[in-house]
1. Take the residues of region 251-267 that are free of Cβ contacts under 8 Å to residues at least 60 places away in the same chain and open to solvent by less than 70 Å² (accessible area, probe 1.4 Å): which is nearest to R134 (Cα to Cα)?
2. Does region 377-386 hold any residues that are open to solvent by 30 Å² or more (accessible area, probe 1.4 Å) and of a type outside the set (A, V, I, L, M, F, W, C), and which are they?
3. Search region 514-536 for residues being at pLDDT 95 or above and open to solvent by 10 Å² or more (accessible area, probe 1.4 Å), and hand back the single one that is farthest from N588 (Cα to Cα).
4. Would region 473-480 turn up any residue that is surrounded by fewer than 18 Cβ atoms within 10 Å (Cβ to Cβ) and part of a loop (DSSP other than H, G, I, E, B)?
5. Within region 406-433, restricting attention to residues that are of a type outside the set (A, V, I, L, M) and open to solvent by less than 30 Å² (accessible area, probe 1.4 Å), which residue is nearest to L445 (Cα to Cα)?
6. Of all residues in region 205-224, how many are polar (S, T, N, Q) and in a helix (DSSP H, G or I)?
7. Just to be sure I understand the filter: pairs with C-beta atoms under 6 Å, separated by 6 or more residues or on different chains, first member in region 604-628 and more than 16 Å from R515 (Cβ to Cβ) and outside any helix (DSSP H, G or I), second member open to solvent by less than 20 Å² (accessible area, probe 1.4 Å) and modelled with pLDDT under 90. Which pairs pass?
8. If I filter region 321-375 down to residues being aromatic (F, W, Y) and over 30 Å from S118 (Cα atoms), which single residue comes out as nearest to the chain's Cα centre (by Cα)?
Amino acid sequence: MANAADTELDLALESAHLPALLAAMVHITGDASWVRPEWTPVYVPLSRGETGLSDAVQAEIRAKAKVVIQAYLSDGKIAAPAPDGVTLGRMMDFVGGMPVPEEYADFLTDELAISGKSTKDPQFDQPQLKDAARKLKVLVIGAGMSGLLAGIRLSQAGVPFEIVESNADVGGTWLVNTYPGCRVDNSNHMYSYSFEPNHGWPQHFSPQPELLKYFQGVAAKYDLKSHVRFETRVESLSWDEAKSVWRIELLGKDGSAETVEANAVVTAVGQLNKPRIPAIEGVGTFEGPAFHSAEWRHDVDLTGKRIAVIGTGASAYQFVPEIAPKAAHLTVFQRSPPWGLPVPHYHEDVPEGMKWLLDRVPYYDKWYRFWLFWTTTEGFLPMVKADPGWNGPTTAVGEANLGLREMAAAALAAQVEDRPDLLPNVVPTYPLGGKRAVLDNGVWLGALKRPNVDLVTQAISKITPKGVVTADGVEHEVDVLIYGTGFTASKFLSGLKVTGRGGRELHDVWAGDARAYLGMTTPGFPNFFMIYGPNTNIVVNGSIIFFSECSVRYIVGAVRLLAETGARAIEVKQGVHDAFNIRVDEANKGWAWGSANVTSWYKNEFGRVSQNWPFGLIDYWRATLAPNPDDFVLSKQPEPVA
């Protein structure tokens, strides 16, 4: 008769991602034969990761792994040496279900932190460097995901820092966005700091309260709140040429003003933080409650109300299914439908057995994260690449993109077989990857099929005191108006005045077309760095936390250069900046989101893709390993004469 521990382990193994489990077995035993060719998984795109292995093979794997795990749990030791480079390559190919290019070996080894260390860990070890670092001060703007990360790494480097946050607590977007159904659309086991995994995520794609809890927990662990000025706004920044410092004008909640100085400034304010209200005639005239989803009015009871929702982007995709059952009638105004990628487990709980494995079996969590990383990022990217000379339908940009489109379109069509009238309005005509895709488990179309919900595709002509008038002249009278219309994403650092060398203001320099070297730094603005800046957004390939970790590594590296060299200012060269942006613009044309016949928030008012990174994640990882001193002008100011 099985004991309780055996039963617990059996249940855990039933929920295991077997390729990740087999890779973990290699670490524990030192035996590379666990990743045998006949057990190589065959994944199906847009599935939840089925391996294609027969039930008999799966049972065999679980039985063999059970013996190893039981032995490990009895003594808690791994006697085997770390896998060598060749073995790691085999393991990556195996878990990825395809040959992973050799160039990824160092990158993925670092991301997995198999040695226990990572290039993202600051290493300010030398006494002289430590002493120089302690004499610097960095000001970070924003206490969301990226600002907290910057604080952690600066603290680890021994660099004094302060964070300024306009809200009353940490958390950024996960503090502010509280609309019904708000959750992450990237698997939580990737949407978390690489050095702070959470094995207890309750769902695969957790809701806002859990994400806020995670970031607040990290802030507490690293004592970050003691470094934060809450409910304080940065009014302006100006570079003091004589002293080589930034002068920062702060405004407190009580209206009190203060000026502080810092050797360097890091903005961590995000791209999706300024709600966009569309320029529609009559905006502001509606007599009932009207609000943007990012500023949700929880004091407004939607029960039994006639509700209008303008927009069908990512936020609306989440909150419409939540409010539809409460409404007397819900009218959804759609300009263009979103691509919904089938993710049946989008709202599902993580099995308790899965949490057990993540927490108890060494390296299982790292290989599970790698599987998510590879199959939903770099491995997925070729499907949205434009084929040069493509002469197929304009609804795709290449053969692979067309195949992906057909799979996604078939999944959407299957959901509306009982409502054929909806089909033309729920399958997009633009290429998949042209705009931000959303994750679909059926609740969106389920909401649109409700008898109390109408989908309106007529263009909106104006807002009136009573409701919304469409181009056909129909006035849709409602009680509540909700804007699900996104953010002013291309207006980087809007509301923040940044004056650099020679009195030049950053927004005047950009003239509406924000650019930066590696998304982080701009000529004329020394010691000024951005996280999640221009051209660091991602469309289909990965978690923004990955980009933030790379950016913070680079920024801390720039601060290190100041400390090592004694320079007072570090400023990217104009030629380096310009050449980089030429490459970015050219490369963005080769993807679905750069297609000439696609309009989206990825493009700014000039039609340039100002948001997206057009290369692989490995390219950003390599480019941000450490700043190249040759890319910068390092200036040493003479000491002032007494």
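The values are calculated or read from the model by the stated rules, or taken from the named source; none is laboratory data. In this text the structure is predicted, and so the values were computed from the model without any measurement. Cβ placement follows ideal geometry from the backbone for every residue including glycine, while neighbour counts extend to all protein chains displayed. SASA here: full protein model, heavy atoms, side chains in, ligands and nucleic acids out. Shrake-Rupley method; radii C 1.70, N 1.55, O 1.52, S 1.80 Å.
1. T259
2. Residues satisfying the conditions are P382, K385.
3. G524
4. Scanning region 473-480, I find at least one residue that is surrounded by fewer than 18 Cβ atoms within 10 Å (Cβ to Cβ) and part of a loop (DSSP other than H, G, I, E, B), so the answer is yes.
5. Restricting to residues being of a type outside the set (A, V, I, L, M) and open to solvent by less than 30 Å² (accessible area, probe 1.4 Å), the top hit is P428.
6. Summing the residues that are polar (S, T, N, Q) and in a helix (DSSP H, G or I) in region 205-224 gives 2.
7. Taking only residues 6 or more apart or on different chains, the pairs are G616/E378.
8. It comes out as Y346.
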